[in-house]
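First up is the structure itself, then whatever we jot down about it.
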Amino acid sequence: TEIYTLSLHDALPISSQFGFRRIIGVELLPELDQVARENVRRWEQYGGTSRIELICGDAIAFRLPVEPAVIFLFNPLPEAALRTFLENTERCLLEFPRPTFVLYVNPIFAQTFSALRSLQMLGGTHQYLLFRSSGG
C-alpha cells in the first residue's frame with residue numbers, strides 16, 4: 001500500500017513509521033516543498049527510514065499510481081480545487097478499481113465528497129472523515 005499526502009510538513013515523516021511501501025507528497029508551492037524536504041532530511045538524519053518521494057507540483061494534475069493507496073488530506077486545497085482533485089481521483093478509481101482509503105482531516109469542505117460514486121464514508125467526526133473505495 002502506498003500513501004499520498006498533500007500536506008507535507010509533518011505527515012510524511014510520521015507516515016513513514018507505519019510500514020507503507022511508498023510515500024508520495026505533493027506540494028504546490030516551492031517554499032513549502034523546501035520545508036517538506038528539510039523535514040524529511042532531518043527525519044533521515046535522526047535515523048528515520050524514508051521511502052518518501054516529494055513532488056513540487058499541482059495536486060490537481062497528480063495521477064494516482066494504479067496500486068492500493070491511502071490518501072491523506074489535511075484540508076489542503078480550496079473547495080473548487082478539492083472538487084477537481086476528487087473528480088480526478090474518482091476517474092482513476094473507476095478506470096482501475098483498487099483498495100483506496102481517503103482520510104480527510106479538518107473537513108471544512110466535507111460536502112465536496114457527497115457527489116463521489118467511488119468512495120463510501122466509513123465514519124468520522126467534526127475533525128476527520130474516512131472514506132473507502134468501492135472498487136477494492
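The values are calculated or read from the model by the stated rules, or taken from the named source; none is laboratory data. Predicted model, so just to flag it, every value in this text is computed and none were measured. Every residue, glycine among them, receives a Cβ derived from its backbone with ideal geometry; neighbour counts consider all protein chains shown. Just the protein is used for accessible areas: all its heavy atoms, side chains included, with ligands, DNA and RNA removed. Shrake-Rupley method; radii C 1.70, N 1.55, O 1.52, S 1.80 Å.
When you scan the range 84-112, how many residues do you find that are of a type in the set (A, V, I, L, M, F, W, C), in contact with a strand residue (DSSP E or B) (Cβ under 7 Å, 6 or more places away or on another chain) and more than 12 Å from ILE71 (Cβ to Cβ)?
Here the count works out to 1.
Collect the residues in the range 17-58 that are closer than 18 Å to PHE85 by Cα and open to solvent by 90 Å² or more (accessible area, probe 1.4 Å), keeping them in residue-number order.
Answer for the range 17-58, where residues must be closer than 18 Å to PHE85 by Cα and open to solvent by 90 Å² or more (accessible area, probe 1.4 Å): just LEU28.
Just wondering, is there one or more residues in the range 37-48 that are touching a Pro at 6+ places or on another chain (Cβ under 9 Å) and either modelled with pLDDT of 90 or more or under 28 Å from THR125 (Cα atoms) (or both)?
Checked against the condition, which is being touching a Pro at 6+ places or on another chain (Cβ under 9 Å) and either modelled with pLDDT of 90 or more or under 28 Å from THR125 (Cα atoms) (or both), the range 37-48 yields no hits at all.
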